[in-house]
Ligand SMILES: [Zn+2]
């Protein structure tokens, strides 16, 4: 015991000296057999399973959705659970919900897209008519969007319980930017059924309320969903149709089969058919049976007005559903197929049998194997929104992060891969070459003193969520790739992170450890400044002095952030050369002397000559004789 104490004392003292250094170690949670020190899931990694059998029907006269569901919940944790938590997120629209009380301003994106996280005054909320297990009613307490359910006896490790829940709610016209409807002609349904809160090895239950800015942290499982809708409605969903003979004509089935093998979009519902269908409003109902395997949520869209294009990629069906007036969607299927193929080849194969995107009023929202995207007049914006929502299939639908706490690992990682997709789709245009620079334009205003919070802070605490979740993280990863690790090393590490954590729940430390272990590079300094602080970069040329056959270039790092340096040197004879210095140049001091062997004197030095850093003061980047 004593020996151990002395040892830790000697280890302590150099560390306290290093506390003032930007290179001091990150304090990560202790690695374990659940989450290993290498960043991979450990041999004892576990997560819960939540599978759902849902029967729901939509009453379009009142726009009420009602359903009965059975939740099959398996406790793979080593803990006995005396109670469970469920999400009842329609209560964000209940009278006096936290969201209505807070009256948060909408999230504004460049380009005019805004997300209002409220129901814009709509008063709704879910009614739970029954909640039971094995026929025994369970005691429950509702806390806004969360509900605690008492179990008759603790659920033992390895045990399972089936919950039976009956519920109903009025579908809001505007559902916090994530769901909604257009009258009774078009429905986009998300957050519609009570679902299990994640129980994990890090925090136990995760019942953070749904306030609006934070999205969803969900368990994986299988879905068996039966939806009864008006007979003329065309449906898109997370699941695949299990009763095609009942819901599709022989003609439609033949078209779908053709589409599956086609790179070009095949009309499944033609414009003429959609127009006729919308006018006729077929009487009666139709019941759709859908199944989905290993997904963390289930969403759907339906309208009598939808036309439907489909194509195939790798045996998977790519569906685009849109109203005939949505002209920009004529290209949507091509955009959708490109996106699924591009991300599959770049990062991880798309895992589900189909991918659907629905046109409608929701400004852009993702669910497993389905997205809601509006029609946008500008082609680049249309592609970006459609592609971005599908990019979420990789983060967080496959890589199952905690979106409610860490949007930078979800919106941020997705936005990073999006810049690659946009550059490829618009290859050969100025837009393709420069689109990623929009994050640098944002940096100028977003990083003003007091204007930002560290990325690690919760989304509901961010004054500028567009920057913290969508722009700073891709800038961070672009610079990590291009300036610190190199493209090949970075790409291998990020691919490994996705592969290791596919269909699992990675935490920030798992990501940091994976990137360091796979790349062989200590990145503590990098994560601390980018993720845990609002450190700013300011690289400067202090002075330049010729001496003998050399020139000494005196550099300094004036901000709290350290990064490698690229310097462009201009010689007296007009020759230019570039010098790249690793971040280790700042190990000993915030000043560094670069010795340039040069028979002719230097006449100019420029740091960050391609202007790819968010350097706070560019005037001191340049020295001229
Ligand atoms: Zn997103």
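Please treat every number below as a calculation from the coordinates, not as lab data. Just so you know, these numbers come straight off a predicted model, no measurement behind them. Heads up, the Cβs are rebuilt from the backbone with ideal geometry, glycines too, and the neighbour counts pull from every protein chain shown.
In whole percent, what relative contact order does region 44-184 give with Cα contacts below 8 Å and a gap of six or more residues? Could you put the intermediate results ahead of the total?
Working: 295 pairs, mean separation 46.8, N = 141.
Relative contact order for region 44-184 comes out at 33 percent.
Computed from label points 7 Å out along Cα-Cβ, the spacing between residue 286 and residue 231 is 1.0 nm. Prolate is the label for region 468-539. Its Cα gyration tensor axes, ordered a ≥ b ≥ c, give a/c of at least 1.5 and a/b above b/c.
Tell me the relative contact order for the chain as a rounded percent, counting alpha carbon contacts under 8 Å between residues six or more apart.
Details: 1358 pairs, mean separation 70.8, N = 625.
Once divided by the residue count of the chain, the mean separation gives 11 percent.
Taking the chain as the reference, fit the longest principal axis to its C-alpha atoms, fit the long axis of helix 332-346 to the helix C-alpha atoms, and give the angle between the two in degrees, 0 to 90, nearest 10. The two axes meet at around 50 degrees. Kirkwood-type hydrodynamic radius, the chain: 26.6 Å, calculated from all non-identical alpha-carbon pairs.
What translational D, rounded to a whole number of µm²/s, comes out for region 201-255 from Stokes-Einstein when the hydrodynamic radius is the Kirkwood one over Cα pairs, at 25 °C and 0.890 mPa s?
Numbers: Rh = 15.4 Å.
My calculation gives 159 µm²/s for D.
Computed extension length for residue 598-residue 444: 51.8 nm, one decimal, from 0.36 nm per residue of separation with the Cα-Cα distance subtracted. If one takes the longest principal axis of the Cα atoms in the chain, at what angle in degrees, from 0 to 90 and to the nearest 10, does the Cα axis of helix 250-260 lie? Around 10 degrees separate the two axes. Sequence-distant contacts, meaning Cα pairs under 8 Å at least 6 residues apart, place the relative contact order of region 513-584 at 22 percent. Any idea how far the Cα center of region 355-376 sits from the one of region 277-313, in Å? Using only Cα atoms to place each centre, the spacing works out to 13 Å. Helical content of the chain, expressed as a calculated mean residue ellipticity at 222 nm, amounts to -7000 deg cm²/dmol (DSSP H runs of 4 or more residues, -39,500 (n - 2.57) each, divided by residue number, nearest 500). Report the calculated FRET efficiency for residue 156 and residue 293 (r = Cβ-Cβ distance, R0 = 25 Å), to the nearest 0.05. After rounding, the FRET efficiency stands at 0.40.
Annotation: extensible slack from residue 432 through residue 61 equals 128.9 nm (criterion: 0.36 nm per residue apart, minus Cα-Cα distance).
Based on the alpha-carbon gyration tensor of region 221-379 and its eigenvalue square roots a ≥ b ≥ c, which shape applies: rounded if a/c is under 1.5, prolate if not and a/b is larger than b/c, or oblate?
Working: a/c = 1.43, a/b = 1.15, b/c = 1.24.
Rounded.
Mind checking the full-extension length gain between residue 80 and residue 136? Use 0.36 nm per residue of separation minus the Cα-Cα distance, one decimal, nm. Numbers along the way, then the final one.
Working: separation 56, 0.36 × 56 = 20.16 nm, distance 1.98 nm.
My answer for the length gained is 18.2 nm.
Label positions at residue 327 and residue 252, each projected 7 Å from the Cα along the C-beta direction, are separated by 2.9 nm.
For the chain, the longest principal axis of the C-alpha atoms and the axis of helix 2-18 are separated by about 70°.
Computing FRET efficiency as 1/(1 + (r/R0)^6) for residue 610 and residue 264, where r is the C-beta to C-beta distance and R0 is 45 Å, gives about 0.70.
Say R0 is 22 Å: what FRET efficiency, to the nearest 0.05, do residue 25 and residue 458 get from their beta-carbon distance? All intermediate terms of the calculation are to be shown ahead of the outcome.
Details: r = 24 Å, r/R0 = 1.11.
Efficiency for this residue pair is about 0.35.
If a/c stays under 1.5 just call it rounded; otherwise compare a/b with b/c (prolate if a/b is bigger, oblate if not). Do that for region 11-148, with a ≥ b ≥ c from the square roots of the Cα gyration tensor eigenvalues. Oblate, since a/c reaches 1.5 and b/c is not below a/b. Using the average count of surrounding beta-carbon atoms within 10 Å as a protection proxy, the listed peptides 323-335, 355-367 rank, highest first, as 355-367, 323-335. I want to check the label-to-label distance for residue 549 and residue 108. Put each point 7 Å from Cα in the C-beta direction and report it in nm to one decimal. The modelled label-to-label distance comes out at 6.0 nm.
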